[in-house]
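The values are calculated or read from the model by the stated rules, or taken from the named source; none is laboratory data. What you are looking at is a predicted structure, and each value in this text was computed from that prediction instead of being measured. Please note: Cβ atoms are built from the backbone with ideal geometry, for glycine as well, and neighbour counts cover all protein chains shown. When the accessible area is computed, the model is the full protein with side chains, heavy atoms only, and any ligands, DNA or RNA have been set aside. Shrake-Rupley method; radii C 1.70, N 1.55, O 1.52, S 1.80 Å.
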Amino acid sequence: MLVDRTAAATGVEPRRRRLLPVAALLVLAPWAAECSWGGFTASGFLFVVVLLAPMYGGAAVLIRETARHTGGGWPAIVLLAAAFGVFQAGLVDQALFNRAYLDDTEFRDWAATSARTLVPWLGFSAEQAFDYIGNHVALSICAPIAIVESFLAPPRRHRPWLGGRGLAVVGILYILGSLLIFLDDSGRKNFMASPPQWTFGALVVLALIGAALLPRWHRPPRPRSGPVPRWYWVGLLVLGAHLGGWFVSGWPGVGVRVAAVVVTVAAIVVWSRREGWGQRHVLAAWSAGLVAAAAGAYVVPNYAPASPLAALIGDVCISVIALALIGGAFWRLRGAPSVRPRRAPAEPPARGC
């Protein structure tokens, strides 16, 4: 992608070029969060994206910009995404604590089964917590960021897109979008968390944000020597971690999922510190969750009852969209060097956006 004359002369990209990835992330995040796994039929995609873009998209943009402005990189993004997952599921729609949250949906049986992993005193299911927070990390935040960044040229990929005013606008959108869900009783299903649940959720969110802002994430890592697998092996490993918990439920299922995540994260942390790690590895790792979600859409029901034809059309649309996004991102990376570039200090965008 060629940089235009204005950018070459001033070192600042035109506003349109910097706002396009922001708009893409605002749209992709809510679709990945709520539609990519089959929660809605195709006819509901547009409504879901428009309604939830301020909350999901706003969170994805704010998390990405915070990490890129501070130089925190992917460790900061993952920790902030987990904080968002706890905040969203525990304090906004409160699905984490509301045992009746899914009673009026086609997932009521799963909710009843997951109650076997209920955590005493706090009143939430460990199985549901793993799914809610894990899906927010993988689908709502990280996969959309990895895909959008992969479409950008390397000089733009890890730079901030927004300045102070732009971040303020997105922050207001996020607050309004979250309040829309919280203040609407139908969003919380007429439930309000107890003071201990509020306290627990808030403390976890603050701890994750504090961990994300630790200075250690802001120091560029020293690349180490050693072998790095091909990007598709990384994707297959992460895909296996996603699928590992599909066939085991209850506390054994939670144990399998935790073990799979620990092994996968440990391997990726080691590989990502080596010279051979590049953007294709990052894209393969995060897009694997989207692939798993699109595949699972064929076997999970929609939130509301739908005809078999409408459900099938929606599932096929999900597959087409997911493959187009992931395939397009890999196509955009064609010919790119497999080795990551040295991380340069973050450069602020132009004033005012």
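Results, tabulated for the structure shown:
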| quantity | calculated |
| --- | --- |
| Inter-label distance for ASP184 and ASP104, nm, one decimal - labels placed 7 Å from Cα along Cα-to-Cβ | 1.2 nm |
| Among 317-325, 93-101, the order from most to least packed when residues are scored by Cβ within 10 Å on average | 93-101, 317-325 |
| The chain, dipole about Cα centre (Lys/Arg Cβ +1, Asp/Glu Cβ -1), debye to the nearest 20 | 1940 debye |
| Relative contact order for the chain, counting Cα pairs under 8 Å that sit 6 or more residues apart, in percent | 30 percent |
| Among LEU122, TRP331, GLY39 - extreme Cα towards positive end, dipole of the chain, charges at beta-carbon | TRP331 |
| Ordering of 210-217, 305-312 by burial proxy (mean other Cβ atoms within 10 Å per residue, highest first) | 210-217, 305-312 |
| Within-14-Å neighbourhood charge of PHE182 [Cβ basis; K, R +1; D, E -1] | -1 |
| Stretch gain in nm, segment VAL262-TRP246, where the contour uses 0.36 nm per residue and the Cα spacing is subtracted | 4.1 nm |
| List MET192, MET55, ordered by accessible area with a 1.4 Å probe, largest first | MET192, MET55 |
| Distance-filtered residues of the stretch 267-306 - backbone nitrogen under 18 Å, label point 7 angstrom along ARG219 Cα→Cβ | 270, 273-274 |
| Nearest-0.05 FRET efficiency for VAL169 and TYR303, computed from C-beta distance (R0 45 Å) | 0.90 |
| CD proxy at 222 nm, helix term only [per DSSP H run n ≥ 4: -39500 (n - 2.57); per residue of the chain; nearest 500] | -19000 deg cm²/dmol |
| Residues ARG230 and ARG334, FRET efficiency given R0 of 25 Å [Cβ-Cβ distance, rounded to 0.05] | 0.95 |
| At least 27 Å along the helix axis (C-alpha) and Kyte average at least 1.6, DSSP helices within the chain | 164-183, 250-272, 308-332 |
| Peptide ranges 144-150, 41-47 listed from the most packed, as the mean C-beta count within 10 angstrom indicates | 144-150, 41-47 |
